[in-house]
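Participant: Please find one structure pasted underneath; my questions will follow.
The values are calculated or read from the model by the stated rules, or taken from the named source; none is laboratory data. Model, not experiment: these values are computed from the prediction. With ideal geometry, Cβ positions are generated from the backbone for all residues, glycine too; neighbour counts draw on all protein chains shown. The area values use the complete protein model at the heavy-atom level, side chains included, leaving out ligands, DNA and RNA. Shrake-Rupley method; radii C 1.70, N 1.55, O 1.52, S 1.80 Å.
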Amino acid sequence: MLSIFRRIILLTFMIAVVAGFPAAHAQNTTTVDITVTRADGTTTAGTVHAPAGATGRPGVVLVHGSGNGSGEHYDHVAEAFARAGIVALRYDKRTEEYTPSHRDYSLLADDALAGVAALRNRPEVDPARVGLWGLSEGGWVAPLAASRSADAAFLITIGANSAAPAAQQNWANETRFGAAGVRGSMVDVLARNGIRQLVAAGQFAQADYDPIPVLERIAQPVLAIWGDQDRLTPPGDSLRGFQTAFEHVGKTNYTLRTLPNAQHAGQPTTDGFDKLPGLAPGYGELMADWVNGLPGSATPPTADQPAAQGHPVRALASASWWESTAMQLTLLFGMILALAGYAFTGMIRSRRLPDRLPARVLLCTTVIGILGTIVQLGYILTTRATSFGPLLFGRTLPWLALQLIALGAVVALGLVLARARHTLAGANVGARTRWALLVCGGTGFVLWALYWGLLLP
């Protein structure tokens, strides 16, 4: 009988540890579905996770990361809070007009404050002790909400950024490729310029959002947490950014912590890219003790040693006029029209030129290079892959092939130009025009290849 009792105790402890909270905090929980009325009059569904029989407890509103806000992780976090005696509200994210090219942090912050208002009216909570928790993108949204209203009693972030979204995404791309062993222009030029072009074209929502002025306006206690294996947010630079912002305004009620062996969302990980079940050891206990111990748990200000990073986050320079979307499209369509003009006029016998081999090589390599670069750029900007197949000289095989093709185009263009006198001797106006179209298309491709890194190491 004693052995069975010990097994029950051990099992309870293991479940509590996996959930991220110590067994001493574990308790029965209940859920209640509610409706949250937003500031614009629209409504959204929400679920309150509370300790059974709770009254006058602290409360927290969960603010989503990027995407549609779905996923079991939010339920796990809400349940973990509830087991620690903290009432948690998870609400459905506003997804209307929420796309990569359009999202409004200000509107999302208002939605978070609507969640705070709804939770403050619940009988389970003490309305003076309702705060915000924000993950990833929520690390921009939740601080903005907290800076706008004293109704939010505290702020917790996990995987938040002190840099702009465009710079963060560039860092994440560089980190992902670097971890896979990819080096050189595919990362240094193609990925970076791809993001800069999205920003210039207005296809990267909130790209230049600056979180620092918002952090400097937050009066409430702040607990900011980063996993030391975060591969989406630069954990060391972000912690330093938060600390610098707070010190700049003399803030004294904050706690900045780094979780060992934890990834972006505070889950256990082996390499920062995978997600193991549950919450990282100590993550739940840290949040529970901090919230239940307020206001004393936030003072004096404390900050862990920033996590090590492979490279620092870098601000992205704005696109110059010559690399604007309009100029890029002009160059692209100019190349296509010039090469198409050369190809189609070749059907007229009187306009054909001698030494057709270099010209044909130039035509083929430029067309393949243009299409291949577009495909590679789209792949980099959309994939979350962490393995890119065999590498040679730190390059993926498709990228290496594109670089060789671009080099072939340069050689072919050189031959076409070097043999111009022989090629154009006795040629009529139509043939000379055709030759000029080929040279213009090839020259445009060389410029294109330089900008996108095809001709760089």
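Participant: Which number in (1) buried (at least 21 other Cβ atoms within 10 Å of the Cβ); (2) among the aromatic types (Phe, Trp, Tyr); (3) within 19 Å of Thr345 (Cβ to Cβ) marks the one condition that Trp435 misses?
Facilitator: Answer for Trp435: the failing condition is (1).
Participant: Would you say Ser106 is among the hydroxyl-bearing types (Ser, Thr, Tyr) and either in contact (Cβ under 8 Å) with a residue 24 or more places away in the chain or open to solvent by less than 20 Å² (accessible area, probe 1.4 Å) (or both)? Explain how you work it out, then say what you get.
Facilitator: Details: among the hydroxyl-bearing types (Ser, Thr, Tyr): yes; either in contact (Cβ under 8 Å) with a residue 24 or more places away in the chain or open to solvent by less than 20 Å² (accessible area, probe 1.4 Å) (or both): yes.
Judged against the criteria, Ser106 is a match.
Participant: While we're looking at this one, here's another question. Can you tell me which residue among Thr383, Thr373, Thr396 is within 36 Å of the chain's Cα centre (by Cα), exposed (fewer than 15 other Cβ atoms within 10 Å of the Cβ) and within 24 Å of Arg176 (Cβ to Cβ)? Reasoning before the result, please.
Facilitator: Numbers: Thr373 fails: exposed (fewer than 15 other Cβ atoms within 10 Å of the Cβ); Thr396 fails: exposed (fewer than 15 other Cβ atoms within 10 Å of the Cβ).
Of Thr383, Thr373, Thr396, the one residue that is within 36 Å of the chain's Cα centre (by Cα), exposed (fewer than 15 other Cβ atoms within 10 Å of the Cβ) and within 24 Å of Arg176 (Cβ to Cβ) is Thr383.
Conditions (1) open to solvent by 10 Å² or more (accessible area, probe 1.4 Å); (2) within 13 Å of Gly115 (Cα to Cα); (3) at pLDDT below 95; (4) outside any helix (DSSP H, G or I), marked per residue:
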{"residue": "Ala39", "(1), (2), (3), (4)": "yes, yes, yes, yes"}
{"residue": "Ala45", "(1), (2), (3), (4)": "yes, yes, no, yes"}
{"residue": "Pro58", "(1), (2), (3), (4)": "no, no, no, yes"}
{"residue": "Val61", "(1), (2), (3), (4)": "no, yes, no, yes"}
{"residue": "Asn68", "(1), (2), (3), (4)": "yes, no, yes, yes"}
{"residue": "Val77", "(1), (2), (3), (4)": "no, no, no, no"}
{"residue": "Phe81", "(1), (2), (3), (4)": "no, no, no, no"}
{"residue": "Gly85", "(1), (2), (3), (4)": "no, no, no, yes"}
{"residue": "Arg90", "(1), (2), (3), (4)": "yes, yes, no, yes"}
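Participant: I would also like to ask the following. Within the set of pairs 6 or more residues apart or between chains, which connect a residue that is at positive phi inside segment 199-218 to a residue that is open to solvent by 40 Å² or more (accessible area, probe 1.4 Å) and of a type in the set (S, T, N, Q) with Cβ atoms less than 8 Å apart?
Facilitator: Short answer, once both residue conditions are applied: Gly202/Ser101.
Participant: May I ask you to verify whether Gly202 is open to solvent by 30 Å² or more (accessible area, probe 1.4 Å) and assigned to a loop (DSSP other than H, G, I, E, B)?
Facilitator: On the way: open to solvent by 30 Å² or more (accessible area, probe 1.4 Å): yes; assigned to a loop (DSSP other than H, G, I, E, B): yes.
Answer is yes for this residue.
Participant: Same structure, new question: Here are Leu413, Leu371, Leu404: which of them is at negative phi and in contact (Cβ under 8 Å) with a residue 40 or more places away in the chain?
Facilitator: Matching residue, one of Leu413, Leu371, Leu404: Leu413.
Participant: Now for a separate question. If you take the residues of segment 301-321 that are under 23 Å from Val187 (Cβ atoms) and either charged (D, E, K, R) or without any contact (Cβ under 8 Å) to a residue 60 or more places away in the chain (or both), which of them is least open to solvent (accessible area, probe 1.4 Å)?
Facilitator: The initial filter retains those residues of segment 301-321 that are under 23 Å from Val187 (Cβ atoms), namely 307-320.
Then drop every residue that is not either charged (D, E, K, R) or without any contact (Cβ under 8 Å) to a residue 60 or more places away in the chain (or both), which leaves 314, 320.
Details: Arg314: 109, Ser320: 46 Å².
Once the filter is applied, the top-ranked residue is Ser320.
Participant: Tell me, please, whether a residue that is at pLDDT below 95 and open to solvent by less than 10 Å² (accessible area, probe 1.4 Å) can be found in segment 258-267.
Facilitator: Within segment 258-267, the subset at pLDDT below 95 is none.
No, because not a single residue in segment 258-267 is at pLDDT below 95 and open to solvent by less than 10 Å² (accessible area, probe 1.4 Å).
Participant: Quick one: count up the residues across segment 149-195 that are in a loop (DSSP other than H, G, I, E, B), among the small types (Gly, Ala, Ser) and closer than 20 Å to Phe393 by Cβ.
Facilitator: 3
Participant: While we're looking at this one, here's another question. Contact list please: Cβ distance under 9 Å, first residue in segment 331-348 and more than 13 Å from Ile370 (Cα to Cα), second residue not charged (D, E, K, R) and not in a helix (DSSP H, G or I), pairs at least six apart or on different chains.
Facilitator: Filtered contacts from segment 331-348: Gly346/Leu353.
Participant: Let me ask you something else. Which condition breaks for His422 when tested against (1) out of contact with any Leu (no Cβ under 7 Å at 6 or more places or on another chain); (2) open to solvent by less than 70 Å² (accessible area, probe 1.4 Å); (3) more than 26 Å from Val189 (Cβ to Cβ)?
Facilitator: For His422, the exception is condition (2).
Participant: Output the residues belonging to segment 217-239 that are open to solvent by 30 Å² or more (accessible area, probe 1.4 Å) and over 21 Å from Ala166 (Cβ atoms).
Facilitator: Of everything in segment 217-239, those that are open to solvent by 30 Å² or more (accessible area, probe 1.4 Å) and over 21 Å from Ala166 (Cβ atoms) turn out to be Arg217, Ala219, Asp228, Gln229.
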